[in-house]
1. List the extent of the Cα atoms of the chain along each of their three principal axes, largest first, rounded to whole Å.
2. Would you calculate the convex hull of the Cα atoms in the range 111-201 and tell me its volume per residue in Å³?
3. Got a sec? How would Phe104, Phe188 order by Cβ neighbour count within 10 Å, fewest to most?
4. Label-point separation (nm) for Gln186 and Thr26, each offset 7 Å from Cα along Cα-to-Cβ?
5. How do His138, His179 line up, fewest other C-beta atoms within 10 Å first?
6. I'd like to verify something in the chain: which complete DSSP H helices, judged by Cα projection on the helix axis, reach 30 Å or more and average at least 1.6 on the Kyte-Doolittle scale?
7. If neighbour count is taken as other Cβ atoms inside 10 Å, put Ile57, Ile98, Ile88, Ile74 in order from fewest to most.
8. Can you work out the base-10 log of I(q)/I(0) for the range 1-105 at q = 0.17, 0.22 1/Å, using the Debye formula on its C-alpha atoms alone?
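Values quoted throughout were computed directly from the atomic coordinates according to the rules given, and no laboratory measurement underlies them. The structure presented is a predicted model; accordingly, all values stated were derived computationally and were not measured. Quick reminder, even Gly has a Cβ in these numbers, built from the backbone with ideal geometry, and neighbours come from all protein chains shown.
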Amino acid sequence: MVTTPAPRVGVLALQGDVREHVRVLTDLGADVTTVRRPAELAAVDGLVLPGGESSVIDKLARAFGMRGPVREAISAGMPVYGTCAGLILLAERITDGIQGQLTFGGLDVTVRRNAFGSQVDSFEVDLDVAALGEPPVHAVFIRAPLVEEAGDGVERLATLDDGRVVAVRQGALLGTSFHPEVTGEQRFHALFLDMVRERAR
Ligand code: GLN
């Protein structure tokens with residue numbers, strides 16, 4: 001019998017809901033490590049950018065010497081999945097960032113940070129996601145960003161009822177405004193692992 005090795009993936013562990021992502025990816029059979037240093041990034045074939053606070057993750061990434069290596073990995077085609085703050089970090093352009101806030105970039109989108117207001121404006125909604133099929137995704141939004149503009153190469157995977165875009169894919173990059181990792185929803189992570197396996201082949 002031929003067994004395919006488990007995909008080796010990392011979760012950027014500078015700040016945010018790292019544990020939740022590690023749990024989902026481990027449940028899906030991936031070989032998961034936390035990533036804080038360039039050498040740890042070099043040892044994985046895919047990376048998750050967790051939810052948390054994008055401006056803090058940006059600052060810590062610069063302090064830990066991770067900004068350059070993550071940008072290089074993205075340009076080299078490493079599959080990366082960002083949730084919420086992670087989506088902000090993947091965006092080429094942000095609105096309402098803090099002074100001097102940088103992103104890693106890669107996704108040809110403009111993302112508005114805290115697009116739904118403050119913490120009290122967090123909400124949950126069921127989303128139809130054609131790429132994932134049935135049932136709908138139960139999505140939790142926590143001080144979530146919105147994709148305000150997306151280039152032609154960007155696939156819109158999910159929208160709210162009013163058409164606003166909350167999940168996108170472009171090449172090896174996947175981003176969601178919401179947090180599948182907190183509700184037991186595993187299909188976005190499974191899609192990400194498929195992207196990692198596809199690339200490793
Ligand atoms: N508002 C946060 C930010 O700007 C994102 C919130 C989240 O990841 N749940 O990074």
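1. Between the extreme Cα coordinates on each principal axis of the chain lie 49, 42, 32 Å.
2. Numbers: hull volume 9.2 nm³, N = 91.
Convex hull of Cα atoms, per residue: 101 Å³.
3. On the way: Phe104 30, Phe188 27.
Sorted ascending by nearby Cβ count, the order is Phe188, Phe104.
4. For Gln186 paired with Thr26, the spin-label model returns 1.4 nm.
5. Numbers: His138 14, His179 25.
Fewest to most other Cβ atoms nearby, the residues stand as His138, His179.
6. Helices meeting the span and hydropathy rule in the chain: none at all.
7. On the way: Ile57 25, Ile98 13, Ile88 31, Ile74 21.
Result, fewest neighbours first: Ile98, Ile74, Ile57, Ile88.
8. -0.72, -1.17
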